[in-house]
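Notes for the one structure printed next.
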């Protein structure tokens, strides 16, 4: 009887040590697994941003140069006409693009939601632009929109000689061709998001409204659209970040022209940093893009937090 | 037994050592040429260089980056920042001096002395290729910018016997063409094409203005009355273009001239490659002539493509750089490359009588005369003169002028001066 | 049938109104389809027309000539990007970059999403928020920092370098997608498995992964098409014979100082766009399903 | 099989205290039901026993072993979830054997255990189906099977019947009772349904606001609830409460404060009156079944019977019995009638109050006197 406890402890002690370590490891395993991605992403986001801020304050021209020289590149940036055009374009393009893509995407989603035949075909047609590079589609759209090769020429050949569709070459109108093409590319994706939302609505809700005698447009306006409210927010955020990052579309479609009428900030950054050897000013412009982004992101984050807290409060 | 074994081992060892030392002495020349010649005939010309390199026993690789020159320069910067200097890069004009100033470029003086480059290369190029007196770049060709191409069909139809020599003559001829219901000038608008045509105008109207404004970057010259006059002439010309210029590729514009939809076309000699590829013939389908010049002298706006070599740690790449520099300067390559591209060799001692287009032969001849007349200049639009940031700012104003009908010549001149000053 | 469970918004209306409404719906669908299909149609037609036809009749028009030849020329003979081997080598370069990058970023994103949704710890929500910030980084800005990092890692101008970049840049998206999907898996399943003696990895493999196909398909489609079509990094961080397809695509679409062979170029463009197109055509259904089940919330 | 000992257990989420000083001793082979309204902390307590929630303070022992820091899989427990938590991508067979597979039990032993459980729960025919192909009751059986297939120290049930319809719930309740009687395993069972608690438990632990209110046999909890909360929570319809005052002058009586006229007087057992004290204000707690139609014959059988007159406001027949809501003062009180003797609405009835079964509570502390 007296011997037994001794053997028990001695037998147990050895594996206990290894076991404790293993259990410790098991409890922090999730954090360990997350750590490498976290490390990589944080470097990607914060170190790279920090680097750009540093460069924007330096005297870098041809190559990075790390001696700080102050904020004068920001001053120069804002005194540059092309930059103000680019920034104005950004806001004009972004608002039209977001509104247009949302409206068309929603309309398509509602149309497809009417139990149409060959639904998969329609969906594929509307979704495919997202799959093809802008390098390609931008070029093709240039052919289509240019008056000498595109729609205008075809209509002329058909005999309507006074037909005009030359937005691409009109300084004031060219930005709208960028909008048209941008909407063409993104609205299918928006449609998919909305369709996903429409499909997740409780059919009883619509039946109840129909029994209440509401017309279909009214049901959409008062019941269905409010029910997919959160999807609108997702769509907005996705579209906004697309819009602000717009680069290859403009390069392929207008090259920033006619003149400099359709320059956007991303092109400006690229030109200054890489073509013209004005790295610091280019970096300053990149920081301004980030600022524009945060105009979107900060309110979104606040809203999201507020919503999550509200939901948590409701239990 | 022991001895024999030992002997065999010794022989084997010495053989291996011998092999090693052989490879060490005779490095396999390697290179990787970074360029923007990525497509069609350009790519074919570079592929030819690759064949020559391989035939000379080297290992050839090339990286071609399209579109925006910015892509090539971005790639160069990325490589430099990552610490991997590319062995050979297509760079031109002031960029050569800029990158030379970083101290990363490889001096080619030894091979230049051996092959007497100073004696054979066009003198105007020397200061570009030797920014600090030492050869760091190898010129591949000389492009002529101030060409005016004309549609034979249209000129015959309208009754223009001779290519116009001055801007006044040109304006008169253009009016005739317009009266006949044909587009006087074929054009595709982009910043570089708009600037190309404009520099031709400025050069043809006032060569001193060209030197002051576009070579020295003097902003007083940019807002001078002469510049305003040049913008006014340009405005006339823009009105003679069709409304579809924006977004049109330059080769599509060339096609308008070749097929008789338009009369004149201002573009550098690389158009010859396009003409040849389409099977169009000089004297039958199109005519070439020096763009109008009011001083009546032969003139030449020069552009040159060149390759800059960067310092390398790997002996194989050093050997490759020397081999490549040598090959580019051979008459053989200069001939093949320029026949494909429409330009003329950077060496003045190449015979163009065989295999070259008549316009190219004329180009070589005009180059000589222009040097004699003291009218040879480097191209501003093609980045052979002022720094990219000044050039870019000025080009923005020019392309904006073309695309903004109500932008007055006076305002454009002032705006250009201000844009350049803002970058100083 | 799935449809039976849904509602029929038009069903309640009278027959005549019903017919008229259907007509309106299909007319609108067709009009929009035209807007969407037009660019693709133009390129497809051009890839079969000969050059004189295109030059004479314009870039937009029905073919007056027909040949399949340009497709084969584009595949392995056309001169592009400094070689005359067509776009075939570029195509396979892209495949060798896109496939590992897609698989790795999806796999890591799935594990991250699993941790962030099912093994929450103090501060994990904040970390998740920070990770999603990566979605918004403009490419032009991070170009040189990436060059520096690749230089340090010795991955300059290698396919591995591009794979690394696309993985890190894609992580934010994949983590976001997977986390939002996994949040909807009941916690009880995880608890039950823990009581059943399964650990972190076993739960992931046996419980979570078998539930994941919808979201993994969304993630794979998203990553595949984005990486395949990405051109800035593809062009800047590759070299020589390692250049991916987008490098060739730009060469085709950009003006340059050489002659356009629109037919061969159209064929090349179509070949280049084929993989992501196929992914969308065949994965579209699952894409929608994955979205419905909570990829974006 | 093992016992479960919980000492001074606390749980806080941030600044919110969810469990406050829980003490519980469950003996080997006992069936303990944790019952309470939602949010009372019973599920948290169960999760802590399972190891799915960490312990903020206090200790949990399974058998002799303190398991505070032990991972769920090493606690030797089995659990049935409210949602069943069947692995949706696995067959029933795989669901049941998953735990054994995770622990590396040999295939042969797995098959034997599976066969035993399948026979026990009569789910042999379902083994190759997926959970989505099962009915609610079948899912419930599989969930039980997954727990029963092992021989754990402790069974944990987290509201296992709440997702079933009423009829099935009663059936499964009986099944669980049978199983327990057959296996005799130590079981902790969480529910908010007091009927389940009464029918299944060998002891009931009533919880409210993070505290243990009473831990005793079902009969005790029902007859002698420790406080007004327990009294109101256990039993349906709930116990009635009427304010009253003890009068010990003469035979002990309880004077209702809010009855018609000058206070109804109800007889009180002397010992109760003495222990409570003369003149003390109390709350009288009386269950509906002890408040019913007055019958003269009872006067002899029930020594401590009082009567109250009250008007009937609502009559609710339930089949086996009829509930009458009568008004006493400002309060609505529920009385129980035989269906054939049910009163009519508006009628003033005389109710018999069985004071032997009455409970008295302190109005301030709400504790049983």
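Quick note: the coordinates plus some simple rules give every number you see, no bench work behind them. Model, not experiment: these values are computed from the prediction. Virtual Cβ from ideal backbone geometry, glycine too; neighbours counted across all protein chains shown.
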Discussion item. I'd like to compare B:340-349, B:148-157, C:240-249: which one has the highest average count of other Cβ atoms within 10 Å, and what's the full order after that?
Written reply: C:240-249, B:340-349, B:148-157
Discussion item. Distance between the C-alpha centers of region C:137-190 and region B:306-381? Whole Å please.
Written reply: 45
Worksheet item: Rg to Rh for region A:82-314: what is it, with Cα atoms only and Rh by Kirkwood?
Response: 1.04
Worksheet, complete the sentence: Expected max-MSF residue from B:335, B:102, B:193 in the GNM of chain B (alpha carbon, under 10 Å) is B:102
Practice prompt. For chain C, with a Gaussian network of springs between Cα atoms less than 10 Å apart, report the residue from C:108, C:24, C:218 with the top mean-square fluctuation.
Written response: C:24
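For residue C:209 and residue C:44 in one chain, what is 0.36 nm times their gap in residues minus the Cα-Cα distance, to one decimal in nm?
Values: separation 165, 0.36 × 165 = 59.40 nm, distance 4.00 nm.
Roughly 55.4 nm would be gained on extension.
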Worksheet item: Hey, how many Å between the Cα centroid of region D:153-185 and the Cα centroid of region B:162-191?
Response: 98
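Express the relative contact order of region A:142-276 as a whole percentage, based on alpha carbon pairs under 8 Å and six or more residues apart in sequence. Before the final figure, lay out each step's value.
Numbers: 104 pairs, mean separation 33.3, N = 135.
Reported relative contact order: 25 percent.
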Worksheet item: So how tilted is helix A:229-244 from the main axis of chain A? Cα-based, degrees 0 to 90, rounded to 10.
Response: 70
Practice prompt. Would you mind listing how long chain D runs along its three principal axes, going by Cα atoms, in whole Å with the largest first?
Written response: 78, 46, 37
Discussion item. Can you give me the distance in nm between label points at residue B:361 and residue D:316, each placed 7 Å from the Cα along the Cα-to-Cβ direction?
Written reply: 11.5
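Relative contact order (percent) for chain C, with alpha-carbon contacts under 8 angstrom and 6 or more residues of separation? Working shown, then result.
Details: 320 pairs, mean separation 80.8, N = 297.
Result for chain C is 27 percent.
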Worksheet, complete the sentence: Dividing the helical contributions, -39500 (n - 2.57) per DSSP H run of n ≥ 4, by the residues of chain B yields a 222 nm value, nearest 500 deg cm²/dmol, of -16500 deg cm²/dmol
Worksheet item: Efficiency by 1/(1 + (r/R0)^6): what FRET value for residue B:295 and residue A:160, r their Cβ-Cβ distance, R0 = 56 Å, to the nearest 0.05?
Response: 0.70
Fill in: Label-zone membership for region B:315-340, site residue B:120, 7 angstrom Cα→C-beta point, backbone N under 13 Å
B:325-336
Worksheet, complete the sentence: Exposure proxy check on B:372, B:75: fewest-to-most Cβ neighbours within 10 Å is B:372, B:75
Item to complete: Can you tell me the FRET efficiency between residue C:187 and residue A:35 if r is taken as the Cβ-Cβ distance and R0 is 30 Å, rounded to the nearest 0.05?
Response: 0.80
Worksheet item: On a 0 to 90 degree scale, rounded to 10, what angle separates helix D:92-102 from the longest Cα axis of chain D?
Response: 70
Worksheet entry | Contour minus Cα-Cα distance for residue D:66 and residue D:275 (0.36 nm per residue) | 71.0 nm
Discussion item. Compute the helix-to-body angle for A:81-112: its Cα long axis versus the longest principal axis of chain A, expressed 0 to 90° and rounded to tens.
Written reply: 80
Worksheet, complete the sentence: Partner shielding of C:204-211, taken as the mean number of other chain Cβ atoms within 10 Å, equals 3
Worksheet item: Quick one: which of A:264-276, B:377-389, B:351-363 comes out on top by average Cβ neighbours within 10 Å, and what's the full order, highest first?
Response: A:264-276, B:377-389, B:351-363
Fill in: residue A:211-residue C:88 pseudo-label distance in nm [points 7 Å out on the Cα-to-Cβ vector]
6.7
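If you count, for every residue in A:210-217, the Cβ atoms of partner chains within 10 Å of its Cβ, what is the mean? Don't skip to the answer; put the middle values down first.
Values: counts 6, 1, 0, 0, 0, 2, 5, 1.
Partner-chain Cβ atoms within 10 Å, mean over residues of A:210-217: 2.
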Worksheet, complete the sentence: Stretched fully, the stretch from residue D:162 through residue D:296 gains (0.36 nm per residue minus C-alpha distance, one decimal, in nm) 43.9 nm
Practice prompt. Quickly work out the residue D:7-to-residue A:291 label distance, labels modelled 7 Å from Cα along the C-beta direction, and quote it in nm with one decimal.
Written response: 6.4
Response to the item:
One would report the Cα pair-distance distribution of the protein assembly as shown, bin width 20 Å, in %, as 8, 28, 26, 18, 12, 6, 2, 0
Worksheet item: In a GNM of chain C with a 10 Å cut-off on Cα contacts, which of C:155, C:216, C:28 has the highest mean-square fluctuation?
Response: C:28
Discussion item. With n ≥ 4 as the cut-off for DSSP H runs, can you work out [θ] at 222 nm for chain A, using -39500 (n - 2.57) per run divided by the number of residues, rounded to the nearest 500?
Written reply: -23000 deg cm²/dmol
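So, R0 is 22 Å and r is the distance between the beta-carbons of residue C:28 and residue A:119; what FRET efficiency does that work out to, to 0.05? Spell out each step's value before the answer.
Numbers: r = 14 Å, r/R0 = 0.66.
Computed FRET efficiency for residue C:28 and residue A:119: 0.90.
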Worksheet item: Can you give the mean number of other chain Cβ atoms that lie within 10 Å of the Cβ atoms in peptide C:225-232?
Response: 5
